[in-house]
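Worksheet: the structure to be examined is printed underneath.
The values are calculated or read from the model by the stated rules, or taken from the named source; none is laboratory data. Remember, predicted model here, so these are calculated numbers, not experimental data. Glycine also receives a Cβ, built like all others from the backbone with ideal geometry; neighbour counts cover every protein chain displayed.
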Amino acid sequence: MSIIDAFFNKRLGPVFLKENSDAENFIAKMKTLSERASGSLKSEIEEQIKLAEIGLLGEKQIIYELKNSGLDMYILHDIYLEKGDLSAQIDFLICTRQHIYAIECKNLFGDIEIDDKGNFIRRFNFGKFYKREGLYSPVTQNERHLNVLREVRRDAKTGSFLGLAEKVFDENFSSNYKSIVVLANPKTVLNDKKAPKNIREHVIRADQLVAFIKNMDNSRNADWSDSSMLETMQYFLNCNRPNKSDYARKYEDIYLMSVIGKIKEERGDQTPVEPAKNPSTEKICPKCGKPLVLRTAKKGENAGNQFWGCSGFPKCWYRE
């Protein structure tokens, strides 16, 4: 349902204020680059495309569930918020008549186990053998997203009125804002029997999402109006910022360096050349001032995840 339709119908239904994703633009850039690249660079680019497409497929599954939910809600897909030194890339932000939900989508291969300490463990089966590896807790990740939402929304709710207004906002935040981690792969088996209750109650499968929201909303008597819901979500949409981390640029730079290297090799010029840097997109380490470089974790609980690390490593260990 469109925004215009929502105003002319008694029932609001699910309304997307933002449905597109930055991942689509990233995939398009990488596919264009893949057509020109070769060798190991081409293989790495295609691997990144595959990972991005898997993530996007999971998000499309959630979009399908929300569109067919029949619930009154406003929805934002893939927003990037900043407040001071804090930032958050939120997969979905949903406002119903009772709650605001921050959704973290995980489209993972393998089965997921949550132990009695709240640790996330992924298990892969290889015939008669299997492999277990730790994962960074998506619950912790989404709690950090809620902290950013809190700080971003605080300005609108308290404004110049400090003290009592700020206290009321903080006291009501945990009642109004909820975290949901959605496992989008339908083949994933979730074993959370030993998980602490405060972890278990936040992790669900995609086909359980609508029922989860209904149950949460039925437990509360709040009844926010259409205008109140729209104002809240429009505020967050206006706060949405372009993500300064241009992941595709890393591979564009590598490709450019390889082309320059071939040209110089043909000319017999051995002087090393680096591609020009764009000051507006280059990320700088706040600790030592050196450039940040995009890296991919090869092992451990964050294997496969990308992060920005200081180029001065190991002297400087800053990362984000």
Within the range 232-260, can you find the residues that are surrounded by fewer than 16 Cβ atoms within 10 Å (Cβ to Cβ), modelled with pLDDT of 90 or more and touching a helix residue (DSSP H, G or I) at 6+ places or on another chain (Cβ under 9 Å)? Y235
Residue check: is K194 at pLDDT below 95 and part of a loop (DSSP other than H, G, I, E, B)? yes
Of the candidates L41, L56, L81, L33, the one satisfying the condition of being in contact with a helix residue (DSSP H, G or I) (Cβ under 9 Å, 6 or more places away or on another chain), within 24 Å of M216 (Cβ to Cβ) and surrounded by 16 or more Cβ atoms within 10 Å (Cβ to Cβ) is L81
Going through the range 197-234 one residue at a time, which ones are of a type in the set (D, E, K, R) and not in a helix (DSSP H, G or I)? E201, R205, R220, D223
Please verify whether the range 51-65 includes one or more residues that are without any contact (Cβ under 8 Å) to a residue 24 or more places away in the chain and not hydroxyl-bearing (S, T, Y). yes
Scan the range 184-224 for residues that are surrounded by fewer than 17 Cβ atoms within 10 Å (Cβ to Cβ), in contact with a Ser or Thr (Cβ under 9 Å, 6 or more places away or on another chain) and more than 26 Å from D116 (Cβ to Cβ) and jot them down. V210, K214, R220, A222
Single residue of V181, V139, V148, V168 found to be in contact with a Pro (Cβ under 9 Å, 6 or more places away or on another chain), of a type in the set (A, V, I, L, M) and either in a helix (DSSP H, G or I) or surrounded by 12 or more Cβ atoms within 10 Å (Cβ to Cβ) (or both): V181
Some residue of the range 44-58 being over 27 Å from R153 (Cα atoms) and either in contact with a strand residue (DSSP E or B) (Cβ under 8 Å, 6 or more places away or on another chain) or outside the structural domain of A211 (by TED's automatic domain parsing) (or both): yes
Is it true that some residue in the range 13-26 is in the same structural domain as K106 (by TED's automatic domain parsing), at pLDDT 85 or above, among the basic types (K, R) and assigned to a helix (DSSP H, G or I)? no
So G70, is it assigned to a loop (DSSP other than H, G, I, E, B), in the same structural domain as K50 (by TED's automatic domain parsing) and over 23 Å from N191 (Cα atoms): yes
Taking the range 86-122 as the region of interest, how many residues are in a loop (DSSP other than H, G, I, E, B) and either within 12 Å of the chain's Cα centre (by Cα) or touching a residue at least 40 places away in the same chain (Cβ under 8 Å) (or both)? 12
